[in-house]
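Visitor: The structure that follows is given in the form of structure tokens.
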Amino acid sequence: MIGLEKKYSEKFDWVLQSLASNLESHTQGLFANEPRIDRISARAKSVERFIGKANTRNSDGSPKYSDPLRQIQDQIGARIITFYRSDIDRVSNVVERYFKPIETQEIVPDSEWKFGYFGKHYILFIPSDVIDPNWEKELIPEFFELQVKTLFEHAWSEANHDLSYKPEIAPLEGDELRQLAFTSAQAWGADNIFDKLFRKNQN
Amino acid sequence: MKSATSYKAAHYEDTSFEAGFWKGRAIDKQIGGSEVRLSNYWISEFLKSDFRTTSALGTRRLGVALREAARKSSDLSVKSEIAAVVTLASGLNGESFSIDQFQDRFGLSDAAKNAIRNELTDPRLSSEQFEFNLEEFKLQVPYRSVELDTGVVLSAHSGEFEEVFSREVIDDAGQIVRFSTEGKVITEKLGKAK
């Protein structure tokens, strides 16, 4: 694992950080004329988070990734945050116009009786435009993950991640989890109301 | 291979069978009359593949490079060559080619090719294949303008410029031109001086 950490650290320092910055500028250029976009950002996955993910195991205890440097596809992650839910489809059309999707996923809680994470995720080819010809080919990832979310979906997922996934704090339980689900339901409701008012003004 | 001059070939590679996404290069020498285009049915239906660059992104790259090369060049013949290919490009919708092949097809001079290549973030982008998308091209190069030394600026949709303006050279040196056009006046504006 030390070998993997060293390899990823080199990749992170030499390529991933600059690549994320190039991708952010490139994507911002493509969306320059699109309204109601709060922000477009891209980041390289930190060494700590990459190693954490590389160590993930399946339910039978076997390692989830046999070749994490190639199999983990969100080494570069990007986000487009929109004002309203109606904007998601419009933004998605532009994404699919300029990028090649390998996977597309609408992530919603698995039951209508549950609330939690909402978001649209893509795995996309990294466009040649953002690749520096001087980089070592082996260090350049093929794909990146793009999340398209509303402001409320983004706010909820950031706070949820901060509160739920820190190894140094005790895991949330029982009513605490229900409280998180409640805030997700409130964010979902706020998105619905804002979108309804927005669409009324459009007509 | 039955013929050394008429064939199709493809080469794919990757370092991993399990985690890799195979990338390839293809040559199509069986298209009659033109070496520029790859036949789309062969790429998508036979090889079950697709271009890495989307139609809109490839066309945007080309359009932006043409627009910026024409804007930045101080060489009038380069500007004029680029303006001409912008007009001719409107007949290419749906065809597949690279920026290099586009330039060769219209016989651009080395000066014009260099001006266009200088506007790409990486010179290697000029060899990437894509399907030309006229709608996207018009977004990137919507108007073609000609400015005369009298201060007059003529502009029209890039694909229609040659149709709406007729040009006549009226001196022996070929320097002075007369443009003429016809149409109904829709609006007149006063603008700030440049």
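The values are calculated or read from the model by the stated rules, or taken from the named source; none is laboratory data. Given the structure is predicted, the values throughout are model-derived calculations rather than measurements. Neighbour counts are summed over all protein chains in view; Cβ atoms, including those assigned to glycine, are modelled from backbone coordinates with ideal geometry. When the accessible area is computed, the model is the full protein with side chains, heavy atoms only, and any ligands, DNA or RNA have been set aside. Shrake-Rupley method; radii C 1.70, N 1.55, O 1.52, S 1.80 Å.
Visitor: Can you return the aspartates and glutamates within cross-link range of A:LYS11? Criterion is Cα-Cα under 12 Å, with same-chain partners fewer than 8 residues away left out.
Guide: A:GLU136, A:GLU138
Visitor: Which entries in A:LYS120/A:LYS149; B:LYS72/B:LYS113; A:LYS149/A:LYS200; A:LYS6/A:LYS45; A:LYS7/A:LYS53; A:LYS100/A:LYS120 show an alpha-carbon gap greater than 18 Å? Provide the component values of the computation, followed by the final result.
Guide: Working: A:LYS120/A:LYS149 6 Å; B:LYS72/B:LYS113 14 Å; A:LYS149/A:LYS200 21 Å; A:LYS6/A:LYS45 14 Å; A:LYS7/A:LYS53 15 Å; A:LYS100/A:LYS120 15 Å.
Result: A:LYS149/A:LYS200 exceed 18 Å.
Visitor: Ranked by accessible surface with a 1.4 Å probe, highest first, in what order do A:TYR165, B:TYR12 come? Could you put the intermediate results ahead of the total?
Guide: Values: A:TYR165 145, B:TYR12 85 Å².
The residues order as A:TYR165, B:TYR12, largest area first.
Visitor: Pull up all non-local amide H partners of A:PHE115: gap of 5 or more, or a different chain, and H-to-H distance under 5 Å with H placed in the peptide plane.
Guide: Amide H neighbours of A:PHE115: none.
Visitor: Choose one answer from A:SER21, A:SER157, A:SER62: the residue with the largest mean-square fluctuation in a GNM of chain A with alpha-carbon springs under 10 Å.
Guide: Among A:SER21, A:SER157, A:SER62, the largest mean-square fluctuation in the Gaussian network model of chain A belongs to A:SER62.
Visitor: When chain B is treated as a GNM, springs tying every alpha-carbon pair under 10 Å, which of B:SER49, B:SER80, B:SER180 comes out with the largest mean-square fluctuation?
Guide: B:SER180
Visitor: While we're here: Using Cα pairs under 8 angstrom and six or more residues apart, how large is the relative contact order of the range A:2-202, in percent? The partial results should precede the final answer.
Guide: Details: 261 pairs, mean separation 43.8, N = 201.
Across the range A:2-202, relative contact order equals 22 percent.
Visitor: Can you list residues whose amide H is under 5 Å from B:ALA156's amide H, if they're 5+ apart or on another chain and H is modeled 1.01 Å from N?
Guide: Amide H to amide H, under 5 Å and 5 or more residues apart or across chains, B:ALA156 pairs with B:ARG144.
Visitor: Hey, if we sort A:ILE37, A:ILE80 by accessible area with the 1.4 Å probe, largest down, what's the order? If you can, show how the numbers build up before the last one.
Guide: Details: A:ILE37 40, A:ILE80 0 Å².
From most exposed to least exposed: A:ILE37, A:ILE80.
Visitor: Go through the range A:129-184 and name the GluC sites (Glu not before Pro) that are in a DSSP coil and have 12 or fewer other Cβ atoms within 10 Å of their Cβ. Mind showing how you got there, number by number?
Guide: Values: sites: A:GLU136, A:GLU138, A:GLU142, A:GLU145, A:GLU153, A:GLU158, A:GLU168, A:GLU173, A:GLU176; in loops: A:GLU136, A:GLU142, A:GLU168, A:GLU173.
Sparse-neighbourhood loop GluC sites (Glu not before Pro): A:GLU136, A:GLU168, A:GLU173.
Visitor: In addition: Which distance in nm do the two modelled labels at A:ARG36 and A:TYR165 give, with both placed 7 Å along the Cα-to-Cβ direction?
Guide: So the two model labels end up 2.8 nm from each other.
Visitor: With labels modelled as points extended 7 Å from the Cα through the Cβ direction, what inter-label distance (nm, one decimal) is found for A:LYS53 paired with A:GLN202?
Guide: 3.2 nm
Visitor: Averaging the inverse of every distinct alpha carbon separation and then flipping it gives the Kirkwood radius. What is it for the protein assembly as shown, in angstrom units? Intermediate values should be presented prior to the final figure.
Guide: Values: mean 1/r = 0.0399 Å⁻¹.
Its Kirkwood hydrodynamic radius stands at 25.0 Å.
Visitor: At a Förster distance of 22 Å, what's the computed FRET efficiency of B:ILE186 paired with B:SER166, Cβ-Cβ distance as r, to 0.05? Numbers along the way, then the final one.
Guide: Working: r = 20 Å, r/R0 = 0.93.
The pair B:ILE186/B:SER166 has a calculated efficiency of 0.60.
Visitor: Sticking with this structure for a sec: Along the principal axes of its C-alpha atoms, what lengths does the range B:142-194 span, in descending order and rounded to whole Å?
Guide: Between the extreme Cα coordinates on each principal axis of the range B:142-194 lie 36, 27, 21 Å.
Visitor: Same structure, new question: On full extension of the chain, what length is gained from B:TRP22 through B:PHE179, given 0.36 nm per residue of separation minus the C-alpha to C-alpha distance?
Guide: Details: separation 157, 0.36 × 157 = 56.52 nm, distance 5.33 nm.
Going from the current span to full extension adds 51.2 nm.
Visitor: Restricting to chain A, what percent of DSSP beta bridges are antiparallel, rounded to 5?
Guide: 75 percent
Visitor: So what is the calculated 222 nm ellipticity per residue for the protein assembly as shown, using -39500 (n - 2.57) for each DSSP H run with n of 4 or more, over all residues, to the nearest 500 deg cm²/dmol? Working shown, then result.
Guide: On the way: 13 runs with 149 residues, N = 397.
Calculated mean residue ellipticity at 222 nm is -11500 deg cm²/dmol.
Visitor: Chain A: longest stretch without exposed trypsin sites (Lys or Arg not before Pro) (DSSP loop, at most 15 other Cβ within 10 Å), sites themselves excluded? Don't jump to the answer; show the numbers that get you there.
Guide: On the way: sites that count: A:ARG36, A:LYS64, A:LYS114.
Longest gap between qualifying sites, sites excluded: A:115-203.
Visitor: From the square roots a ≥ b ≥ c of the eigenvalues of the alpha-carbon gyration tensor of the range A:2-202, which class results: rounded (a/c under 1.5), prolate (a/b over b/c), or oblate? If you can, show how the numbers build up before the last one.
Guide: Numbers: a/c = 2.24, a/b = 1.18, b/c = 1.90.
It is oblate, given that a/c is not under 1.5 and a/b is not larger than b/c.
Visitor: Given a 1.4 Å probe and the protein chains all in place, what does the accessible area of A:PHE83 round to, in Å² to the nearest 10?
Guide: Looks like 80 Å² after rounding.
Visitor: On the protein heavy atoms, probe 1.4 angstrom, tell me the percent of accessible surface of chain A carried by carbon and sulfur. List each step's numbers first, then the result.
Guide: Working: 5980 of 11670 Å².
Percent of accessible area from carbon and sulfur atoms in chain A: 51.
Visitor: Then there is this: Would you mind getting me the FRET efficiency between B:VAL64 and A:ASP132? Use the beta-carbon distance for r and R0 = 22 Å, nearest 0.05. Working shown, then result.
Guide: Values: r = 19 Å, r/R0 = 0.87.
Between B:VAL64 and A:ASP132 the formula returns 0.70.
Visitor: Now for a different question. Considering the convex hull of the alpha carbon atoms of chain B, report its projected area averaged over all viewing directions, in nm², one decimal. All intermediate terms of the calculation are to be shown ahead of the outcome.
Guide: Numbers: hull surface 64.4 nm².
Averaged projected area of chain B's Cα convex hull equals 16.1 nm².
Visitor: Please check: in the Gaussian network model of chain A (C-alpha springs, under 10 Å), which one of A:TYR98, A:TYR84, A:TYR117 has the largest mean-square fluctuation.
Guide: For chain A, modelled as a Gaussian network with Cα springs under 10 Å, the answer is A:TYR98.
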